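The structure under discussion appears below in the form of structure tokens.
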Amino acid sequence: MALLEVKNLTVDFHIPEGILRALDGINFTLREGEVLGIVGESGSGKSTTALAIMNLLPTPSGKIKKGEIFFKDEPLLANIDKLRGKEITMVFQNPLNSLNPSLKIGQQLIEVLQEHMGMNEKEALLESIETLKMMGIPAPETMIDRYPFEFSGGMRQRVMIAMAMLCKPQLLIADEPTTALDVTIQAQILRIFKNLRKSTRTSIIFISHDLSVIAQIADRVLIMYAGKILETSEVKNLFKNPLHPYTQGLLKSIPAFSKTEGKKLYSIPGNVPNLLDPPSGCVFHPRCPYIKEICKKAAPPLFKVGNSNVSCWLYKGADEL
Ligand code: SF4
């Protein structure tokens, strides 16, 4: 069953230079218990997707222009204030921006449980310690009395995940939760997410610019570019049989997949487009090695190819969605 359904979501940012379309009619669903990876370069719209779902788009510039979001078949945005922090939670890239620097970690966790779960202080304290333990925080009984600045970056991110999981949410959105961390800590944080997959029924949207991170954690993946979804696929399938030329380029850019030891690492030629003046037709056409005449004139719809969906004219003739 679909826990979350995003339909034709279109988000504009009204900035001094003009109107920037950050999301252009995206559609996807998230099933119960599923981990959905969203991958894309900076400016692709992946974080905007998360902020639109949470109704946290920057004001007054960010606006949902069109589209709908459903959570358990109900319109989400009408109910988001009740759901945010309890049934739907979010972990950001930089935990320092999300934790209150002047409150002890324990106070911050206890407040969440008192506000959303109606626990008394003693119950909330025990639950907080238990959740910190689940996140691999050593000696949580002591750590709970410390301030955020006394934690390392990796430990702070564990605290943020603990805070996001305290109320056993149905949906957790993690926006680049490992990006600011060094590689060994990144691996530890990924292990926490893998454990959450096994031990809870929480559905997770895991956002990253790094396909190799998504490969380790997600069931399915959306490839985003310039505010559009270019491909959706099961993760295993995506690595075996990437369909979209952009996805193929992303995979070639991963060192382990490039098999170019001693050679310069591949990078996709060209730059991401300026969304104030996006390319006509297929948004990827200025960088695509397979461009055809139609690509400049018309944006490709999503075509169904096996279990994947791909927005590219190379698959014209497959079922159109
Ligand atoms: Fe390349 Fe055309 Fe496919 Fe776009 S639609 S990715 S330009 S082949």
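Starting from the Cα of THR179, step 7 Å toward the Cβ, then list every residue of the stretch 1-30 with an amide N under 11 Å from that point.
Taking a point 7 Å out along Cα→Cβ of THR179, no residue of the stretch 1-30 has its backbone N under 11 Å.
How many nm is it between the label spots at LEU103 and GLU17, if each spot is 7 Å from the Cα in line with the beta carbon?
3.8
Taking amide H atoms as placed 1.01 Å from N in the peptide plane, list the residues 5 or more away in sequence, or in a different chain, whose amide H sits under 5 Å from that of GLY62.
Residues meeting the criterion, in which the H sits 1.01 Å from N, are HIS14.
What pairs from LYS228/LYS304; LYS7/LYS133; LYS198/LYS240; LYS122/LYS168 go past 28 Å between their alpha carbons?
Going by Cα-Cα distance, LYS7/LYS133 fall outside the 28 Å limit.
Report the full-extension gain for the segment ALA139 to ASN271: residue separation times 0.36 nm, less the Cα-Cα distance, to one decimal in nm.
Separation in residues times 0.36 nm, less the Cα-Cα distance, equals 42.8 nm.
Just to be sure I follow the definition: excluding the sites themselves, where is the longest run in the chain that has none of the trypsin sites (Lys or Arg not before Pro) in a DSSP loop with at most 16 other Cβ atoms within 10 Å?
Excluding the exposed sites themselves, the longest stretch runs over 1-71.
Please work out the C-alpha center-to-center distance from the stretch 66-81 to the stretch 186-228 and express it in whole Å.
23
Can you compute the radius of gyration and Dmax for the stretch 95-166, using only the Cα atoms, both in Å?
10.8, 31
How about the stretch 1-77: which GluC sites (Glu not before Pro) there lie in a loop by DSSP and see at most 16 other Cβ atoms within 10 Å?
Counting only loop positions with at most 16 other Cβ atoms within 10 Å, the GluC sites (Glu not before Pro) in the stretch 1-77 are GLU17, GLU32, GLU41.
Just so you know, all these numbers are worked out from the coordinates, no wet-lab data involved. Since the model is a prediction, treat every value here as computed from it, not as a measurement. Methodologically, a virtual Cβ is constructed for each residue, glycine included, from the backbone with ideal geometry; neighbour enumeration extends over all protein chains shown.
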